[in-house]
1. Considering each residue of segment 28-40, count those that are touching a residue at least 12 places away in the same chain (Cβ under 8 Å) and out of contact with any Phe, Trp or Tyr (no Cβ under 7 Å at 6 or more places or on another chain), and give that number.
2. Examine segment 31-39 for a residue that is surrounded by 12 or more Cβ atoms within 10 Å (Cβ to Cβ) and either among the polar types (S, T, N, Q) or part of a loop (DSSP other than H, G, I, E, B) (or both), and state whether such a residue exists.
3. Which one is farthest from the chain's Cα centre (by Cα), of the residues in segment 7-27 that are touching a residue at least 24 places away in the same chain (Cβ under 8 Å) and surrounded by 12 or more Cβ atoms within 10 Å (Cβ to Cβ)?
4. Scanning for something at pLDDT below 85, part of a loop (DSSP other than H, G, I, E, B) and on the phi < 0 side of the Ramachandran plot, does segment 12-30 turn up at least one residue?
Amino acid sequence: MALALAGLEEVLPFIRQLHCTADEVCLTLHPLPHCAGAQLVQRCFLELRRRLPDTDIYVTPS
């Protein structure tokens, strides 16, 4: 999973929960109120989808 998150360093401070299995990644982000939370969630989802194409990806704000 560390390799999948490489390049998403700006997301790391906002990770509230991360759960990974062989075929699923569930990531809950807690962006600060002044951050563009929806854009952060979408960027993270799209990047994980690109890197892990055969994995179910769930990225949600908390």
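1. Taking segment 28-40 and keeping what is touching a residue at least 12 places away in the same chain (Cβ under 8 Å), we get 28-32, 35, 37-38, 40.
Next, only the ones that are out of contact with any Phe, Trp or Tyr (no Cβ under 7 Å at 6 or more places or on another chain) stay: 28, 32, 35, 37-38.
Matching residues across segment 28-40 total 5.
2. Here is the first cut: in segment 31-39, the ones surrounded by 12 or more Cβ atoms within 10 Å (Cβ to Cβ) are 31, 35, 37.
Filter again for either among the polar types (S, T, N, Q) or part of a loop (DSSP other than H, G, I, E, B) (or both), leaving 31, 35.
There is at least one residue in segment 31-39 that is surrounded by 12 or more Cβ atoms within 10 Å (Cβ to Cβ) and either among the polar types (S, T, N, Q) or part of a loop (DSSP other than H, G, I, E, B) (or both).
3. E24
4. Checked segment 12-30: no residue is at pLDDT below 85, part of a loop (DSSP other than H, G, I, E, B) and on the phi < 0 side of the Ramachandran plot.
The values are calculated or read from the model by the stated rules, or taken from the named source; none is laboratory data. Quick caveat, the model's predicted, so the values are computed rather than measured. Virtual Cβ from ideal backbone geometry, glycine too; neighbours counted across all protein chains shown.
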